[in-house]
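Right, one structure below, let's go through it.
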Ligand code: SIN
């Protein structure tokens with residue numbers, strides 16, 4: 001029976017995994033070990049995984065049905081895959097601000113699996129991940145009491161219009177928008193996680209505009225505290241597998257004009273509660 005080696009990046013979030021070949025079917029036992037490590041560390045990193053599209057999708061399918069991105073185009077014939085690309089002509093890159101994936105959807109994705117095939121030759125292009133369990137746990141009782149039970153609006157037009165235009169792929173021609181609890185309970189671990197992000201969250205229901213702006217401003221600063229983070233340095237054929245229910249991430253664009261390229265599959269989630 002194969003066994004994994006799990007090396008935590010720090011006690012809060014992130015672990016590097018060795019002993020798994022994601023290009024081959026995983027045994028139920030290895031999949032179970034990966035799932036347990038993922039729930040504990042929230043984001044897992046794998047090196048040396050030259051996945052083709054089918055292998056990438058096969059790994060993603062282990063964790064649930066695919067979530068299809070409302071706007072981002074995928075490679076021809078693979079709507080379940082999102083291309084992540086930047087080069088000298090890029091004006092913006094996906095994921096430059098702190099966010100959890102597609103929280104503008106009523107049922108935001110549970111997980112994402114990103115495989116980079118090309119990394120900038122001089123370094124750069126790291127991804128930062130932050131634990132929203134840690135962000136919630138670090139708030140005082142007073143803040144926790146105030147936030148628990150509140151809901152916030154997550155919109156997408158301000159994110160997607162500039163990047164993807166009025167793409168017909170957008171459902172009903174409209175940009176997705178949803179309301180979610182400000183703190184959610186993770187359906188598998190039962191832990192509470194802060195669930196507002198500067199990418200999509202526009203305001204908190206039931207607050208005056210200035211109150212909402214001040215509260216979200218504080219929370220957006222809070223979630224980016226270095227104590228809640230790990231940072232992953234990519235190599236070609238590295239894979240990151242993160243839990244969007246309790247993790248935010250940010251893709252650093254510090255390598256222009258160099259190329260960074262890869263693919264993401266995203267796994268459908270449930271309605272945050
Ligand atoms: C994303 O999925 O938001 C992009 C992450 C990255 O490119 O590192």
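The values are calculated or read from the model by the stated rules, or taken from the named source; none is laboratory data. Computed from a prediction, not measured in an experiment: that's the story for all the values here. Here the Cβ is made from the backbone with ideal geometry for all residues, glycine too, and neighbour counts use every protein chain on show.
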Report summary line: The condition from (1) exposed (fewer than 14 other Cβ atoms within 10 Å of the Cβ); (2) closer than 30 Å to residue 177 by Cα; (3) in contact with a strand residue (DSSP E or B) (Cβ under 8 Å, 6 or more places away or on another chain) that residue 18 misses is numbered (2)
Query raised in the report: Since residue 107 meets every condition but one in (1) out of contact with any strand residue (DSSP E or B) (no Cβ under 7 Å at 6 or more places or on another chain); (2) farther than 16 Å from residue 69 by Cα, which condition does it not meet?
Result: (2)
Query raised in the report: So which residues in region 152-197 are buried (at least 17 other Cβ atoms within 10 Å of the Cβ), modelled with pLDDT under 95 and in contact with a helix residue (DSSP H, G or I) (Cβ under 9 Å, 6 or more places away or on another chain), if there are any at all?
Result: 170, 175, 176
Query raised in the report: Quick one: residue 79 ticks every box in (1) within 16 Å of the chain's Cα centre (by Cα); (2) more than 9 Å from the ligand (Cβ to nearest atom) bar one, so which box is it?
Result: (1)
Requested in this report: Considering only region 221-273, state which residues are crowded, with 16+ Cβ neighbours inside 10 Å, within 13 Å of the ligand (Cβ to nearest atom), within 15 Å of the chain's Cα centre (by Cα) and part of a loop (DSSP other than H, G, I, E, B).
Outcome: 244
